[in-house]
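Okay, so here's the structure we're looking at.
What follows draws every value from the coordinates through simple rules; no lab data is involved. These figures come from a predicted structure and were not determined experimentally. A quick note on method: Cβ atoms are made from the backbone with ideal geometry, for glycine too, and the neighbour counts reach across all protein chains shown.
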Amino acid sequence: MTKKIVELDELKSRYESMIGFTPPKIAKRLELGMRVDPDLVTALEDWRIAALTPTALDQKTVQLMSFAILLVQTSEAAANHAKAAIKAGATLEELHASAGIAALFRGVAAFNMAGEILAGLFPETGQKTGG
């Protein structure tokens with residue numbers, strides 16, 4: 001079996017396709033990893049993209065789930081998945097509902113984090129849809 005050589009730009013383009021940009025921390029991790037151990041980085045990135053693009057779920061659902069899971073972990077990466085959910089068509093109401101589910105399992109810390117993220121992504125109180 002021949003191994004496909006993946007370039008750094010291709011890995012970054014996966015993030016740009018999903019979120020709209022490559023987050024700075026991820027870009028640094030990819031750049032370093034591709035210098036040190038490109039096989040490991042490529043394998044991890046292939047696994048990531050496979051998990052985040054299942055045929056059984058649409059992208060909006062995947063991103064809403066990812067947003068909620070990362071809120072439960074109080075991970076700053078939740079903001080990236082909120083952006084990806086919006087790009088996939090999620091509304092403020094859907095993101096807020098996902099945050100409510102996260103709060104059930106993590107508490108107010110997750111809901112506070114969601115409020116901060118969503119207020120930044122939806123600065124106008126009347127905005128209802130992603131996009």
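Based on the alpha carbon coordinates of segment 8-52, what radius of gyration and maximum Cα-Cα distance (Dmax) apply, in Å?
9.8, 26
³J(HN,Hα) across segment 105-118 via Karplus (A = 6.51, B = -1.76, C = 1.60, θ = phi - 60°), whole Hz, x for Gly/Pro?
Per residue, the Karplus-derived 3J(HN,Hα) values read 9, 10, x, 4, 4, 5, 5, 4, 4, 4, x, 5, 5, 5 Hz.
Just to check I understand the Karplus step: with θ = phi - 60° and J = 6.51 cos²θ - 1.76 cosθ + 1.60, what whole-Hz values come out for segment 17-33, glycine and proline as x?
5, 7, 9, x, 6, 9, x, x, 5, 5, 4, 5, 4, 5, 4, 5, x
Quote the charge dipole size of segment 29-80 about the Cα centre in Debye, to the nearest 20; the model charges only the Cβ of Lys and Arg (+1) and of Asp and Glu (-1). Before the final figure, lay out the partial values.
Working: 4 positive and 7 negative charges, 32 e Å.
I would put it at about 160 debye.
Once phi is turned into θ = phi - 60°, what whole-Hz ³J(HN,Hα) does the Karplus curve with 6.51, -1.76 and 1.60 give for every residue of segment 47-55, x standing for Gly and Pro?
Result, rounded to whole Hz: 5, 4, 5, 5, 5, 8, 10, x, 6.
Volume per residue, Å³, of the convex hull around the alpha-carbon atoms of segment 59-121?
Working: hull volume 3.7 nm³, N = 63.
Convex hull of Cα atoms, per residue: 59 Å³.
Which parts of segment 62-99 would a label at residue 28 reach, counting a residue when its backbone N lies under 15 Å from a point 7 Å out along Cα-to-Cβ?
Zone members listed by number: 76-77.
When the Cα atoms of the chain are enclosed in a convex hull and the volume is divided per residue, what value in Å³ results? Each step should come with its number before you reach the end.
Numbers: hull volume 15.3 nm³, N = 131.
Per-residue hull volume (Cα only) is 116 Å³.
Sum -39500 (n - 2.57) across every DSSP H segment of at least 4 residues in the chain, then divide by the residue count to get the 222 nm mean residue ellipticity, nearest 500.
-22500 deg cm²/dmol
Determine which aspartates and glutamates satisfy two conditions relative to residue 60: a Cα distance under 17 Å, and not lying fewer than 8 residues away in the same chain.
16, 93, 94
Pop a pseudo-label 7 angstrom from the Cα along the beta-carbon direction at both residue 55 and residue 97 and give the gap in nm to one decimal.
For residue 55 paired with residue 97, the spin-label model returns 2.8 nm.
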